[in-house]
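A short write-up of the structure that comes next.
Taken together, the values in this text are just the output of simple stated rules run on the coordinates, not laboratory data. Nothing here was measured: the structure is a model prediction, and the numbers come from that model. Don't worry about glycine lacking a Cβ; one is built from the backbone with ideal geometry, like all the others, and counts go over all protein chains shown.
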Amino acid sequence: MTPDRLLARDDPAWWRHAVIYQIYPRSFADGDGDGIGDLAGITSRLPSISELGVDALWLSPFFTSPQNDGGYDVADYVGVDPLFGSIEDFDALLDRAHELGMRVIIDIVPNHSSDQHAWFQAALAAAPGSPERDRYLFREGRGENGELAPNNWTSTFGGPAWSRLPDGQWYLHIFDSTQPDLNWRNERVRSDFHDILRFWLDRGVDGFRVDVAHGMIKAEGLPDYHPHEFADRIGVDPSVALTKEGPNPPYMLQRELHEIWREWRTVVEEYGPDRVLCAEAWVEPLTRLADWVRPDEMHQAFNFSYLEAPWDARALRATIDSSIAAFGSVGAPSTWVLSNHDVVRHATRFGITSAVAPGEGIGPRNADSVDAALGLARARAATLVMLSLPGSSYLYQGEELGLPEAIDLPDDARRDPSWFRTGGERYGRDGCRVPLPWEAADPALGFSPTGAAWLPQPEDWRALARDLQSVDELSTLSLYRSALSARRSRELGAGSLEWLDGYPATALAFRNSGLTVIANLGRDPLELPEGTRLVSSNPFAGTALPPDHCVWILED
Ligand code: GLC
């Protein structure tokens, strides 16, 4: 174990400046050869991730689940799905990660359970109005015979947010119909989740990423959502209703959430000051998001405004400034993220040359809008910008290999519920979830000993396999390693940002901890200051920084 790793493990405020690597277990490494990644596979590959130089891991769900939404449909919150292994496999993973100096946070999915959860099964078997049904959001329908859904909400994955039972009642599901929303006004739901948190904290996890944290409580009465009328009813100027400053939809950001998160904070603090809660909350603007990251609530929230910012210097600078200001106003560091298991990988996103609607995904119909080389150049530069910012950064498995979105997946391989619920109109998220390439010469590119892979790996990923990139000093993997090592030794995560004058508006130029960072988002080469070039997103000769490049310079 290296001394700087010991520091990361021993620092109770580690999360304020950590680099956290997201593992999507289905697609990371398959130990038993069934084509689906598992916990033993992850454990066997942990040295590669530790070598990369990250401080912590975030594991997407590995709990018992029918896997209708890649495990975000949990049927037992304290059980490991046999697909991924056993609780002993989890303990072994946790021990190994800790031994290697990495913290581990796990995903908790409190907004909804799977319809296969014993709570929902009991609710189905019980009568309308029963305590069992009160754990979820069951309602009578509207219309003469209750044949219309209780309100007009739609599912995030497409289609209505309500499904009807044979006995006539409807239940709410903001996501798939197999993901019924829990009723967070119910005391038993709240106390059961405290027990679930304690179960995992007792096993030694370092914290939780809280799925759909902003959606857990719905407005009393479950009113229809017409943004303009809603604004009017709650006394907000309708002209702001559809702006980022507009009112929250009735299924998001209700004030009562503060109470729930304060209770959760108390639970995690029983285990020490170093256990953390990170909210997955698609909330804008950042000032509103920061409201939920206070000293007695969440420690962190994902900064999706940063993820959604285009490759444009003005927009990025504004987002960076407002992130630092918003989170700073509540005493929290900002987080940064460019990719995860829900969005088009940033190596592809930054190379999209015509509009692709959010959530549409990339597939054969709109593949011609992608310039892969441009996307990768920008992605490498964008990663260097992100890793030089103070605060904590999240990486998504495979981005260190520069993986693009998989565009040509056969229709019958797709698994994302939004693909099914929109009748194929949206490609959904399978393209960012394809199993990782480890060894170029091995079956399934080293993902699985048998060559099985639950989604087909594109043939051109062979050249991107980790073993080849490991020995290529110009590879994306080598870039991530050098950047992470320099970030750690210069303590950039704990530093502060100072913008530099004298650069065009198409550049990002700032200083952090004695390092000058310059990114050229314009079309002309940019003259650079003197100094030693510590890391650059792509090699370049001469004194000028080419477009779509970023460099870290150490003043001589
Ligand atoms: C979150 C997860 C996403 C999942 C959804 C429903 O947004 O990141 O993958 O589909 O919640 O649980």
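When only Cα pairs below 8 angstrom with a gap of at least 6 residues are kept, the stretch 348-488 shows a relative contact order of 22 percent. On full extension, the segment bounded by V330 and E425 gains 30.1 nm, given 0.36 nm per residue less the C-alpha separation. A simple spin-label model places pseudo-atoms 7 Å from Cα toward Cβ; at D11 and E527 they are separated by 3.8 nm. When the Cα positions of Y394, Q169, T64 are compared along the charge dipole of the chain, Y394 comes out farthest toward the positive end, with charges on each C-beta of Lys, Arg, Asp and Glu. Descending by average beta-carbon neighbour count within 10 Å, the peptides 34-42, 389-397 line up as 389-397, 34-42, the highest first.
Around the Cα centre of the chain, unit charges on the Cβ atoms of Lys, Arg, Asp and Glu (plus for the first two, minus for the last two) sum to a dipole of about 760 debye.
Indicate the helices, whole DSSP H runs only, in the chain that combine a mean Kyte-Doolittle hydropathy of -1.0 or more with a Cα extent along their long axis of 15 angstrom or more. The qualifying helices are 39-52, 87-99, 187-203, 257-269, 313-328, 372-387, 476-489. Sorted on the mean count of surrounding Cβ atoms within 10 Å across their residues, most packed first, peptides 75-84, 195-204 read 75-84, 195-204. With both labels modelled 7 Å from their Cα along Cα-to-Cβ, the E88 to H258 distance reads 4.8 nm. Once C-alpha pairs closer than 8 Å and six or more residues apart are averaged by separation and normalised to the residue number of the chain, the relative contact order reads 13 percent.
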